[in-house]
Number of protein chains: 2
Amino acid sequence: MKEIEKTLENKSVRPTAMRILIYKYMAEKEIAVALTDIENAFAKADRTTLYRTLKTFEEKGIVHQIDDGTNISKYALCEPGCNCEIEQDLHLHFHCNNCDETVCLTEHKIPQVNLPDGYVAEDANLVIKGICEKCSGR
Amino acid sequence: MKEIEKTLENKSVRPTAMRILIYKYMAEKEIAVALTDIENAFAKADRTTLYRTLKTFEEKGIVHQIDDGTNISKYALCEPGCNCEIEQDLHLHFHCNNCDETVCLTEHKIPQVNLPDGYVAEDANLVIKGICEKCSGR
DNA sequence: TTAAACCGTGCAACGGAAGTGCATTTATCG
DNA sequence: CGATAAATGCACTTCCGTTGCACGGTTTAA
Ligand SMILES: [Mn+2]
Ligand SMILES: [Mn+2]
Ligand SMILES: [Zn+2]
Ligand SMILES: [Zn+2]
């Protein structure tokens, strides 16, 4: 728990009770979470607080936002080495068509693509949809 | 104009006046369009009609839906050879951070990626964000 | 040819999710 | 302690996508 407090402080985010709980919640999940997920997990807390917590976490590089094509923003903790406050950590994401869960594949970077003349890339998002490890039964 | 009628009929979509107009509108645009764009272009038509027209077009493989990360669904006509009713035509899309326009890069296919064991890919979406040809000035 | 069935269109309303303004509580610091 | 700033809570809004239902024209079959 003191761990989390330090992590937050290192990112210059004040470690309030709520923030620590949210961080803990996300750390225990291995999948990306939506605002609604957190809302359900912490029924007593107000949605706005959770919303702004995620925004703060995102600004400070604690979590990154994930667009998995569901039109519902997901969030996941950044890996220790990640510095996506500065530049996007271009790993890909996988969305399961069966269980509807989204995971970071942090080891799998988005391949470089050649663009037509005049196009300048600044960011990229690659989402693979299919059947996840759990659902495929391997 | 007769061209469009035939195109629609070939895809087993009845060529109503509205549908022909929408098709024409999309054919003239070189960029992906949102429902709101069409709505603005055809102020007299009802939003629902336009919405359902796009859905019909999509089901029949006349257009494909594009998720460019803006959380606003875009649509673009399918290329002549495209058969994305059956399998996804995996070209990438480019979204300009400056003019906010999204284009299909139909010549640029999404590169194959290796997934961890147990993961099965069924579909993929790759969006590059940056500065487009028009906005970069060459 | 005429009635029935079907399909396209329009109107109204709903729902989820993101976002904002402002009051209130809680923490920080002199 | 009081002053100040930050965090939280509540209410409300907006935007987009979506659906139900009714009306009217078109196709189809008796
Ligand atoms: Mn990720
Ligand atoms: Mn496209
Ligand atoms: Zn799954
Ligand atoms: Zn541009």
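Some points to look at:
- Chain A: calculated mean residue ellipticity at 222 nm from DSSP helix runs of at least 4, using -39500 (n - 2.57): -9000 deg cm²/dmol
- Set A:LYS109/B:LYS60; A:LYS55/B:LYS109; A:LYS134/B:LYS74; A:LYS74/A:LYS129; A:LYS74/B:LYS55; A:LYS2/A:LYS74 screened for pairs whose C-alpha atoms are more than 24 Å apart: A:LYS109/B:LYS60; A:LYS55/B:LYS109; A:LYS134/B:LYS74; A:LYS74/B:LYS55; A:LYS2/A:LYS74
- Inter-site label distance for B:ASN97 and B:LYS11 at 7 Å from Cα along Cβ, in nm: 3.3 nm
- Centre-to-centre, using Cα atoms only, the range A:1-36 and the range B:84-138 are separated by 33 Å.
- Here is how far apart the A:GLU9 label points are across copies: 7.6 nm, shortest first, using a point 7 Å from Cα toward Cβ.
- Other-copy label distances relative to A:PHE42, 7 angstrom Cα-Cβ extension, nm: 4.6
- Positive-end ranking of B:ILE131, B:HIS95, A:LEU54 along the dipole of the protein assembly as shown, with charges on Cβ about the Cα centre, is headed by A:LEU54.
- In order through the range A:57-62: 3J(HN,Hα) via Karplus (6.51 cos²θ - 1.76 cosθ + 1.60), integer Hz, x for Gly, Pro: 4, 5, 4, 8, x, 8
- For the pair A and B, total buried accessible area rounded to nearest 100 Å², probe 1.4 Å: 2900 Å²
- At 0.890 mPa s and 25 °C, Stokes diffusion of chain A via Kirkwood alpha-carbon radius, µm² per second: 152 µm²/s
- When only the Cβ of Lys, Arg, Asp and Glu is charged (+1, +1, -1, -1), the dipole of the range B:2-136 relative to its Cα centre reaches about 620 debye.
- Using θ = phi - 60° and Karplus 6.51 cos²θ - 1.76 cosθ + 1.60, couplings along the range B:115-122 (whole Hz; Gly, Pro as x): 9, x, 4, x, 8, 10, 7, 10
- Relative contact order (%) - the range A:2-136, alpha-carbon pairs under 8 angstrom, separation at least six: 20 percent
- Apportionment of accessible area to carbon and sulfur, the protein assembly as shown, percent (1.4 Å): 46 percent
- Note, ³J(HN,Hα) from phi for the range A:91-108, Karplus 6.51, -1.76, 1.60, rounded to Hz, x at Gly and Pro: 8, 9, 10, 10, 10, 7, 6, 8, 8, 6, 8, 10, 10, 7, 10, 5, 7, 9
- Spin-label model distance (nm) - B:ALA41 vs A:LYS2, 7 Å beyond Cα toward Cβ: 6.4 nm
The values are calculated or read from the model by the stated rules, or taken from the named source; none is laboratory data. Owing to the predicted nature of the structure, the values given are computational and were not obtained by experimental measurement. Please note: Cβ atoms are built from the backbone with ideal geometry, for glycine as well, and neighbour counts cover all protein chains shown. Areas reflect the complete protein model, heavy atoms only, side chains present, ligands, DNA and RNA absent. Shrake-Rupley method; radii C 1.70, N 1.55, O 1.52, S 1.80 Å.
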